[in-house]
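Every read-out reported here was derived from the displayed coordinates using simple, explicitly stated rules and does not represent laboratory data. None of the values given here were measured: they were computed from a predicted structure. A quick note on method: Cβ atoms are made from the backbone with ideal geometry, for glycine too, and the neighbour counts reach across all protein chains shown.
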Amino acid sequence: MNPLSVVARTVCNLFAWFLAIFGIYVIVHGHLTPGGGFQGGAVVATFMAFLLVAHGGEKMQSWVRKDRFTLMECFGLTLFISAGLLGMSKTFFFNFLAKAGGVFGGVLPIGPNAGALNTSGTIALMNLSVGIEVVGGLSMILLYMFSAAHPQEPMGREESGHDR
Amino acid sequence: MIEILHLSILATILISGFLALWFRNLLSSVISLSVLSLFVSLEFFYMQAPDVAIAEAGIGAGLSTAIYIVALRAVGKKQFRKEGEH
């Protein structure tokens, strides 16, 4: 896939970052607002699709490597299952970090409040790991789809106008 | 007022689904599928399921459109069309 015109690339360079920030926001605030690891990971993977469509395949393959995404996927799954196994002294997926202090274990005051970011225990950790896993998996689907569809790509051509 | 908005969302879903079947050009078909996903996501949001709306907007309107377009670019040259159709 050749890169698009300079207008499309400039708009992509400007606005793709908002997409990435929104996806990371949805992942990190997974226990407070709608969405979670899967939804935020899908939004961040849409950012990768945006870059792939706007800048073309060769540049994308020079920026990222596919085995890094495999590594991200394995790391997310391992983090998730170890967060489940570490609470094994009580039950599987026991929330052992809640109210323990530190980054994940803040204590909420009693009564109606808006919620705080650092009070969820292992739930935020699981949202993060699912987010990392979904980003890796969906970006890997995109990149493998691309490289299977374009086995050898002519270098250095640029489309004069928009796509098609 | 809100019923009119809801009915127009539903009508847009129907029309874009019909257009996705009706277009001969496959790229236009994929774009109208993306519009269908966007309005299905609006409908989910109206039905107070913002979780599903985010997932639908991210995957249905974003990722699957990109995957379809990559696949279309791959098969575009081998696409074969019968005579008499256009």
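Brief remarks on what is shown
- Inter-part distance where the stretch B:33-60 and the stretch A:84-147 are each reduced to a Cα centre, Å: 24
- The stretch B:2-78, relative contact order in percent, only Cα pairs under 8 angstrom and at least six apart counted: 27
- Ranked B:Val70, A:Val134, criterion: other C-beta atoms within 10 Å, fewest first: B:Val70, A:Val134
- With contacts taken as Cα pairs under 8 Å at a separation of at least 6 residues, chain A carries a relative contact order of 33 percent.
- Shape of the stretch A:1-126, Cα gyration tensor, a/c cut at 1.5: oblate
- Nearest-ten-degree value, helix A:37-55 long axis tilted from longest Cα axis of chain A: 20
- Computed [θ] at 222 nm, helices only, for chain A once each DSSP H run of length n ≥ 4 contributes -39500 (n - 2.57): -20500 deg cm²/dmol
- Distance from the Cα centroid of the stretch A:47-71 to that of the stretch A:1-39 is 14 Å (rounded to whole angstrom).
- Calculated [222 nm] ellipticity per residue, helices only, for chain B: -23000 deg cm²/dmol; basis is -39500 (n - 2.57) per DSSP H run with n ≥ 4, divided by all residues, nearest 500.
- Mean Cβ neighbour count within 10 Å, used as a protection proxy, ranking A:104-110, A:75-81 highest first: A:75-81, A:104-110
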